[in-house]
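Notes for the one structure printed next.
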Amino acid sequence: MMNNFTKEIIDTYAENLLFRLSEEENALVLNEFVDIEERMNLINKIPNLSSVEPMSHPFPLDDVILREDIHEESLSVDDAFKNAHKVTNREVEVPRVVA
Amino acid sequence: MAYQAVIGLELHCELKSKSKVFSKAINGYSEIPNNHIRPLDLALPGTLPVLNFHSYKEALKLALVLKCEIPEYMVFDRKNYYYPDLPKGYQITQQTAPVGINGELVIDLDGKEIAVRIHDIHLEEDTASLDHISNVTLIDYNRSGVPLIEVVTYPCMHSADEAVAFLENLRNILKFTEISDADTKLGQMRCDVNVSLRYEGDYDLRTKVEIKNVNSFANVKEAINFEINRQTKLLDEGRGNEIIQETRRFDEETGTTISMREKVEAVDYRYFVEPNIPKIKIKEELLKELKSEIPMLPRQRKKLYIDEYDLSEYDANVLIKDKDLADFYQECVMLEIDPQLASNYVTTTILSYLNKDNLNIKDLYITPEMLKVILDKQVNNEISSKQARELIDQVINEKKDVEEILKNKDVSQISDESELLKIITEVLDSNESQINDYHNGRTNLFDFFVGGVMKITRGKANPTITKEILTKELEKRK
Amino acid sequence: MTINEAKNIDLEEIITKSNEYQKKYNLFVTIISDIKKNNLNGPLANVVYTTKDNFSTKDILTTASSNTLKNYIPIYDATVISKLNSLGAINIGKTAMDELGMGGTGLTAHTGPVINPFDETRIPGGSSSGSAVSVATNLVPFSLGSDTGDSIRKPAAYLGVVGYKPTYGLISRYGLIPLASSLDHVGVFTTNVYDVALVVDNIKGLDENDMTTFDSSKMDLLSNLKDKVNPKLFYIEELGDVPYFQEVIKKLESTGIKVEPVSIDINILNALKPTYDCISSAETTSNNSNLTGILFGGMGEGESTEEMMIDYRTKNLNSEVKRRFVIGSFVLQKENQEKYFLNACRVRRLIVENISDLFNTYDGLIMPASGGVVPKIKELDSEVNEALENNLLIGNFGGFPSITIPAANIDNLPVGINLTCQIKEDAKLLNIAYNLEEIINYKGVK
């Protein structure tokens, strides 16, 4: 099972998540993967697990209340971009991205 | 070697609503950037999505209209990817249980009925819009979080015309049901096209090419045809392997498709169920209520206009272009105006006003009831069709009721034969020489005599009866 | 200190004390100095409290103890903050936490480790570290915390205070910077069970800004809080072999309370931690995808936008956070989802249904909050009984209401016991806890 956890794979994961790992961090993650692998094998030992429906919320809510279609006043640009890096005539500016 | 084109469409339509789908910001176009934004649209830390009840109902309504199977629960998922137009770093969409699956939209093309099968429709949120200026990109979050319905068809269409016919039918439905204004010019309807070719009779699909963000139906047609030709040429030259699974964009100027990205390995969106939105039970009574709100759709109306009111295909098509116009027309028919007569006036006189200033029928003062009053007069020969048109113009332009206009302008037509005879005799008596010239062959003088009668009666003489009496009188004076 | 005792505290004194404790325990990210009394007179009027720094507080720095947000000033208040402010409660500071809520040590805040007031060679516990310390040192009578995988209930045990996590959705999460949305709960630290009921009655409720909240207007936590009760409790046999815990049970049984061991499949117990790791890492990776520097946090350096985002995240996220993001991305990859993420979600259902069924025959689940006293910083990597140390996760998986109360001292360091009941039975939970608290009669650390 070791083959699909390599340093390169971990670096690609990190890159896809928009950050880079140092050597040590990469090594840390590498043996964490091994650990996860072992412990997830524990999970797969649980009988007829595949017939159980995955749970994505702690418990169902019987009557979910949806929002009436009423709008509120917009944020001012000052508030909205109070913490923004660069604002040019009411818009946030970043270096050009490919369309 | 004959190939069959296999086309599938992925369509994003902006839904109409006052507020956005998960935030309370205004859902509407604005000239001013960042003028319709709330904290969630900027993914400020700690914000949560709250589903707009109206958008939820509209999504269900479209699922009903497109005859989709509707799940027991409404479930949302996260589609995770990074891009500056996606502040949360994920889009809330539907992947596990879309609001509608395995639907169908029946369209007419060259007299044939084609059932376009729909893979699924799902409710999701739009991204912010990016303005690229010189070496910077400016981000406007007005569109961030606007409700979108994505419609995904099976790859079951085989020509550009079929694809465009599908898009037009869907747009009409969206407008008729008021789910979306579907205005391609405002980017409210954006289309991705998947095109692949296969040998005639083959079943399995070959590599499909995706053409992204084709924003007008004309471009869709051009893009598909170009792509079919491009792939055909490659196959004919034995270079089929050059057709790779890739994303291309349609370039309007050159009318060609251009490859967009080299690395093509599919991005893994790491879908999982949105934990902040509980599963929502879709209730039977809500579906019943929504079904009752669905108006008669364009295709049904067209069938009604042609089969029962025997209008021409052309007139029927004009009427179903716009729901309000079709409703106006149908109200006229319900008021027992002759369907053909009503159609003549609605598709000409009245429509000219709409087209001239790009108005909606509701903007005009005239109502079906007023048209009924006018056309009844024409039917009982109290006024001519010319006068009827004039009356309609006056009602629309002066914004006055028919009775009011009729009262202060005696517009009743003179069709009493003895009165007309008196006037015709008067005209003939004062034009002895013209009568002789008429009898010596200058027959166009007949219109001269009619003109004389119209002058005296200020256009109110009934033309058909006047001509009958005049012909007889001229005979007597041979 | 109880809420009642904190009624007429002098605010100047509190600010001086806060600064003093900050030097000793480094428990604050921000001390709020422009605080003043008001003339409201509700139960929380003019009562001072502290807030974990992952609650959005309008115009007050909110960092989640992360460099990604080290100068982020929010423009809105979390729902619980608005409620407390409108009742006249006074927020005196934002407390330090493990960065973005990840970890259970109190050592990873961007402002440096929080110090354990009883023994600085030991961790304070986390991730609501500063909040726990602010109550344990009697600076404030209560503090707002968040609990995704025991982040309130375990530090409470380690520091000898009460730590409560409600039923999922009882208290709005609007304004809480999320770690894992399906596991996160807003909760409180206090010095006694009564104060929990007093605070929570005033901050619970349906919130139009949080779809996962439910209407609890008919739930009154105070009315029968003090009724005498003889509940029938159970504990998980395989995880009950903890000396201090067995002593507490004997003490409770002597008063007529029934406590029975129940066996749970060891595979499921061993699956607690990996299940939590898969689900929480997947959700947190997605929840923190907004940390790119574009709209807040300050852009990184680089030629392109992508480079600037990468630089920002590389520099400002600590190793523990990056590790979880990589795992969170790994378990959700298409080819891995089935074996890792979805299987974890299936085990979650098994655990929850298993425990939920037991609540049909028992009033509550009582458990040791930890295997023993709070660990030394140097011994953090030593072997532990993982299932035992993570048993509080059960409360997060099922959204069950769960509370830790101090139980005893071992070598003058606190240990706690935890009580968990069926969902929406918060009143019953607090009523039983109130009774246990009286029986145990914990005296605190000398």
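The values are calculated or read from the model by the stated rules, or taken from the named source; none is laboratory data. Computed from a predicted structure; not experimentally measured. Here Cβ is always computed from backbone atoms with ideal geometry, including for glycine, and neighbour counts include all displayed protein chains.
Data table
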{"item": "Any hit, region A:64-87, residues being of a type in the set (A, V, I, L, M) and closer than 30 Å to C:ASN354 by Cβ", "result": "yes"}
{"item": "Failed condition for C:THR404, given (1) crowded, with 19+ Cβ neighbours inside 10 Å; (2) part of a loop (DSSP other than H, G, I, E, B); (3) not basic (Lys, Arg)", "result": "(2)"}
{"item": "Complete set of residues in region B:198-222 that are modelled with pLDDT under 90 and either in a helix (DSSP H, G or I) or surrounded by 19 or more Cβ atoms within 10 Å (Cβ to Cβ) (or both)", "result": "B:VAL214"}
{"item": "Conditions (1) under 25 Å from the mean Cα position of the chain (by Cα); (2) surrounded by fewer than 19 Cβ atoms within 10 Å (Cβ to Cβ); (3) closer than 26 Å to B:TYR81 by Cα; (4) not aromatic (Phe, Trp, Tyr); number of the one not met by B:ASN225", "result": "(3)"}
{"item": "Which numbered condition A:GLU73 fails, given (1) at the interface with chain C (Cβ under 9 Å from one of its Cβ atoms); (2) of a type outside the set (Gly, Ala, Ser); (3) part of a loop (DSSP other than H, G, I, E, B)", "result": "(1)"}
{"item": "In region A:31-46, residue nearest to the other protein chains (Cβ to nearest Cβ) [restricted to those that are part of a helix (DSSP H, G or I) and not aliphatic (A, V, I, L, M)]", "result": "A:ARG39"}
{"item": "Tally, over region B:430-470, of residues that are assigned to a helix (DSSP H, G or I), among the β-branched types (Val, Ile, Thr), within 15 Å of B:LEU420 (Cβ to Cβ) and in contact (Cβ under 8 Å) with a residue 12 or more places away in the chain", "result": "6"}
{"item": "Every pair of residues 6+ apart whose Cβ atoms lie under 7 Å, when the first sits in region C:120-148 and is on the phi < 0 side of the Ramachandran plot while the second is basic (Lys, Arg) and assigned to a helix (DSSP H, G or I)", "result": "C:LEU139/C:LYS17; C:ASP147/C:ARG153"}
{"item": "Residue count, region B:288-316 (criterion: within 21 Å of B:THR349 (Cα to Cα), small (Gly, Ala, Ser) and assigned to a helix (DSSP H, G or I))", "result": "1"}
{"item": "Pairs where the first residue, in region C:340-362, is among the basic types (Lys, Arg) and the second is surrounded by fewer than 17 Cβ atoms within 10 Å (Cβ to Cβ), C-beta under 9 Å, 6+ apart", "result": "C:ARG346/A:SER50; C:ARG346/A:SER51; C:ARG346/A:GLU53; C:ARG349/A:GLU53"}
{"item": "Criterion: within 12 Å of another protein chain (Cβ to nearest Cβ), crowded, with 24+ Cβ neighbours inside 10 Å and small (Gly, Ala, Ser) - qualifying residue of C:SER182, C:SER143", "result": "C:SER182"}
{"item": "Number of the condition not met by B:VAL146 [criteria: (1) crowded, with 22+ Cβ neighbours inside 10 Å; (2) free of Cβ contacts under 8 Å to residues at least 40 places away in the same chain]", "result": "(2)"}
{"item": "Members of region B:33-76 that are over 26 Å from the mean Cα position of the chain (by Cα), buried (at least 24 other Cβ atoms within 10 Å of the Cβ) and over 28 Å from A:ASP79 (Cα atoms)", "result": "B:PHE76"}
{"item": "Flag for B:ILE366 being outside any helix (DSSP H, G or I) and within 30 Å of B:THR177 (Cβ to Cβ)", "result": "yes"}
{"item": "Positions within region A:47-64 being within 7 Å of another protein chain (Cβ to nearest Cβ) and of a type outside the set (Asp, Glu), in sequence order", "result": "A:LEU49, A:VAL52, A:PRO54, A:MET55, A:SER56, A:HIS57, A:PRO58, A:PHE59, A:PRO60, A:LEU61, A:VAL64"}
{"item": "Where a residue in region C:423-443 is more than 14 Å from C:LEU170 (Cα to Cα) and its partner, wherever it lies, is at pLDDT 95 or above and among the acidic types (Asp, Glu), with Cβ under 9 Å and at least six apart", "result": "C:LYS428/C:ASP363; C:ASN431/C:ASP227; C:ILE432/C:ASP363; C:TYR434/C:ASP227; C:ASN435/C:ASP227"}
{"item": "Boolean, B:ILE294 is within 22 Å of the chain's Cα centre (by Cα) and more than 23 Å from B:GLN340 (Cβ to Cβ)", "result": "yes"}
{"item": "Check on C:PHE397, touching a Pro at 6+ places or on another chain (Cβ under 9 Å), closer than 21 Å to C:LEU430 by Cα and facing another protein chain (nearest Cβ under 9 Å)", "result": "yes"}
{"item": "Output for region B:45-77, where each listed residue is facing another protein chain (nearest Cβ under 7 Å) and more than 15 Å from B:GLU150 (Cα to Cα)", "result": "B:PRO45, B:GLY46, B:LEU48, B:VAL50, B:LEU51, B:ASN52, B:PHE53, B:HIS54"}
{"item": "Selected residue [surrounded by fewer than 17 Cβ atoms within 10 Å (Cβ to Cβ) and either touching a strand residue (DSSP E or B) at 6+ places or on another chain (Cβ under 9 Å) or closer than 30 Å to B:TYR141 by Cβ (or both)] from A:ASP78, A:ASP69, A:ASP11", "result": "A:ASP78"}
{"item": "Residue among C:ASN46, C:ASN54 that is crowded, with 24+ Cβ neighbours inside 10 Å and touching a Gly at 6+ places or on another chain (Cβ under 8 Å)", "result": "C:ASN54"}
{"item": "Filter result (of a type outside the set (Val, Ile, Thr), part of a loop (DSSP other than H, G, I, E, B) and at pLDDT 95 or above) within region C:259-294", "result": "C:SER263, C:ASN288, C:SER289, C:ASN290, C:LEU291, C:GLY293"}
{"item": "Test: residue in region B:88-98 that is buried (at least 19 other Cβ atoms within 10 Å of the Cβ) and more than 14 Å from every other protein chain (Cβ to nearest Cβ)", "result": "yes"}
{"item": "Of all residues in region C:9-43 being touching a helix residue (DSSP H, G or I) at 6+ places or on another chain (Cβ under 6 Å) and aliphatic (A, V, I, L, M), the one that is farthest from C:THR63 (Cα to Cα)", "result": "C:ILE35"}
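Table: residues versus (1) β-branched (Val, Ile, Thr); (2) surrounded by fewer than 16 Cβ atoms within 10 Å (Cβ to Cβ).
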{"site": "B:ILE243", "(1), (2)": "yes, no"}
{"site": "B:ASP268", "(1), (2)": "no, no"}
{"site": "B:ASN276", "(1), (2)": "no, no"}
{"site": "B:SER292", "(1), (2)": "no, yes"}
{"site": "B:ILE306", "(1), (2)": "yes, yes"}
{"site": "B:ALA316", "(1), (2)": "no, no"}
{"site": "B:LYS323", "(1), (2)": "no, no"}
{"site": "B:ALA326", "(1), (2)": "no, no"}
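For (1) modelled with pLDDT under 90; (2) of a type in the set (Asp, Glu); (3) farther than 25 Å from B:PRO463 by Cβ; (4) more than 39 Å from the chain's Cα centre (by Cα), each residue gets a yes or a no:
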position	(1), (2), (3), (4)
B:ASP338	no, yes, no, no
B:TYR345	no, no, no, no
B:LEU364	no, no, yes, no
B:ASP376	no, yes, no, no
B:LYS409	yes, no, no, yes
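One line per residue, one yes/no per condition, for (1) touching a helix residue (DSSP H, G or I) at 6+ places or on another chain (Cβ under 9 Å); (2) assigned to a helix (DSSP H, G or I); (3) more than 14 Å from chain B (Cβ to nearest Cβ):
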| residue | (1), (2), (3) |
| --- | --- |
| C:GLN246 | no, yes, yes |
| C:PHE296 | yes, no, no |
| C:GLY302 | yes, no, no |
| C:ILE310 | yes, yes, no |
| C:PHE341 | yes, yes, no |
| C:VAL347 | yes, yes, yes |
| C:VAL352 | yes, yes, yes |
